[in-house]
Amino acid sequence: ETAEEALRREFVEELGASLGSVQLLGVLENRFELAGVPGHEIVFVFAAELADAVELPAVVADTGEAVSWEPMDNFVSGAATLYPEGLVTLLDQPKRR
């Protein structure tokens, strides 16, 4: 499946929400270390709109993990952290707001 297809599927599976328009903003490569173990990921970053006006849940449907919806200004100001490095810059472009 494509990255966009995966995004759409995950929104339905994890949050119970369908997406309308989707736009690829960029791709980031992230090398990191977690608990002493090196990791590497390729992150596809999308802007997306919900297909329907629904309230998104506070937990992931299949795992029960908490979800936190934060204003972008919290990340821009440094009040909250967003990974990977470079993601805040990519998301905080004027045309994205």
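Readers should treat all values here as calculations from the given coordinates under stated rules, not as data from a laboratory. For clarity, every value in this text was computed on a predicted model and none was experimentally measured. Because the Cβ atoms are built from the backbone with ideal geometry, glycine has one as well, and the counts that use them run over all protein chains shown.
Just a few scattered comments:
- Counted by Cβ distance under 12 Å from Ala3, the other residues give a net charge of -2, where Lys and Arg count +1 and Asp and Glu count -1.
- Take the Cα of Glu49, go 7 Å toward its beta carbon, and the backbone nitrogen atoms of the stretch 1-21 under 16 Å from that spot belong to 18-21.
- Residue order for Val88, Val76, Val54, fewest other beta carbons within 10 angstrom first, comes to Val54, Val76, Val88.
- For Leu19, Leu25, Leu56, the sequence from fewest to most other C-beta atoms within 10 Å is Leu56, Leu25, Leu19.
- Among the chymotrypsin sites (Phe, Trp or Tyr not before Pro) in the chain, those placed in a DSSP loop whose Cβ has at most 12 other Cβ atoms within 10 Å are Trp69.
- The Cβ shell under 9 Å around Gly20 holds other residues with a net charge of -2, Lys and Arg each +1, Asp and Glu each -1.
- Think of the stretch 3-68 as a dipole: +1 on every Lys or Arg Cβ, -1 on every Asp or Glu Cβ, centred on the Cα centre; then among Phe11, Leu56, Phe32, Phe32 lies furthest on the positive end.
- Using Cβ point charges alone (K and R +1, D and E -1), the dipole size of the chain about the Cα centre works out to roughly 360 debye.
- Across the chain, C-alpha contacts under 8 Å between residues 6 or more apart give a mean separation that, scaled by the residue count, equals a relative contact order of 25 percent.
- Under the Karplus curve 6.51 cos²θ - 1.76 cosθ + 1.60, θ = phi - 60°, whole-Hz ³J(HN,Hα) for the stretch 62-72, x wherever Gly or Pro sits: 8, 10, x, 5, 5, 10, 10, 9, 10, x, 4
- Percent breakdown of C-alpha pair distances by 5 Å bin, ordered from the shortest bin, for the chain: 2, 10, 17, 20, 26, 18, 5, 1, 0
- Amide hydrogen proximity for Ala51: with H placed 1.01 Å from N in the peptide plane, the residues at 5 or more positions away or on another chain lying under 5 Å are Ser18, Leu19, Gly20.
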